[in-house]
Amino acid sequence: MPKRNVYFNNDDVEIWDSLPDGMKSQLLRDFIIEHDYKWKNKEATINEKRRDILRRRIMEKRREWNKWDDLESESQWQLAHLESELSILKSEFREDFGDWSDEENSPPIADDIWDTIYSEAESKIGEVFSSPSGNSEYRIQDVKKGKVMVERMNTSSPKPSTFTSLTIKKAVDRLGDRERIESGHFMPVLAQESAAVFLHPSMSYDGKWVVFERKDR
């Protein structure tokens, strides 16, 4: 039978020596079993608390993601509605005046950027790219009828994030005459902004900034 040495201070030795011989082994065994139970129970409690904390954080982030996903869906519906209204108004304008032109009535740089992005997207359907942090991955899902559709690969949402020339024109308006703008300010939907930077050869990320290398300077 294996043996172990146990060391006591003077006071504990007096207590130990006063115990009946038949109790000493059982007392030690009871203490070891009780300590083992308490230790395992403590570990289980710590793991349970950590599990609950992570579970609450996951649920909180999922609720937040659902909120933004709903807002994006509503935004895309509004954009589609506005595009339809714009199309009707342009048709009415052409019937009466016959000379409406998107090219003449929008900044040339926005049209150039959109043409490049759309052309690149057509040739890169199926290609995968990442967000600037590398935490999210996207894929060019499809390009048709003036729309670029971006699949968000890290989510279970079947709906692609879609942007059009109007989205790019608004982004260019935010950029203005500058050569860089903070990520998220250029385009508020990260999947769309990441796609624009991925597709346009004059755009890149520099830390938290979207950098646009202007060819007109």
With respect to SER133, determine if the residue is among the small types (Gly, Ala, Ser), free of Cβ contacts under 8 Å to residues at least 12 places away in the same chain and closer than 23 Å to SER183 by Cβ. yes
Picking from ASP70, ASP142, ASP99, which residue would you name as being farther than 21 Å from PHE198 by Cβ, outside any helix (DSSP H, G or I) and free of Cβ contacts under 8 Å to residues at least 24 places away in the same chain? ASP99
Could you pull out the residue among SER84, SER106, SER75 that is modelled with pLDDT of 85 or more and either among the hydroxyl-bearing types (Ser, Thr, Tyr) or surrounded by 10 or more Cβ atoms within 10 Å (Cβ to Cβ) (or both)? SER84
For the range 153-177: of the residues being at pLDDT 90 or above and not in a helix (DSSP H, G or I), which is surrounded by the fewest Cβ atoms within 10 Å (Cβ to Cβ)? MET153
Scan the range 195-208 for residues that are crowded, with 16+ Cβ neighbours inside 10 Å and over 17 Å from ASP115 (Cα atoms) and report the count. 1
The lone exception for TYR118 - which of (1) of a type outside the set (S, T, N, Q); (2) under 12 Å from ALA195 (Cα atoms); (3) in a loop (DSSP other than H, G, I, E, B) it fails: (3)
Which residues, counting only those in the range 162-196, are touching a residue at least 24 places away in the same chain (Cβ under 8 Å), under 13 Å from the mean Cα position of the chain (by Cα) and under 13 Å from LEU79 (Cβ atoms)? VAL189, GLN192
Examine the range 122-139 for a residue that is in contact with a strand residue (DSSP E or B) (Cβ under 8 Å, 6 or more places away or on another chain) and at positive phi, and state whether such a residue exists. yes
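The values are calculated or read from the model by the stated rules, or taken from the named source; none is laboratory data. Predicted, not measured: the structure shown is a model, and the values here were computed from it. Glycine gets a Cβ as well: all are built from the backbone with ideal geometry, and neighbour counts include every protein chain shown.
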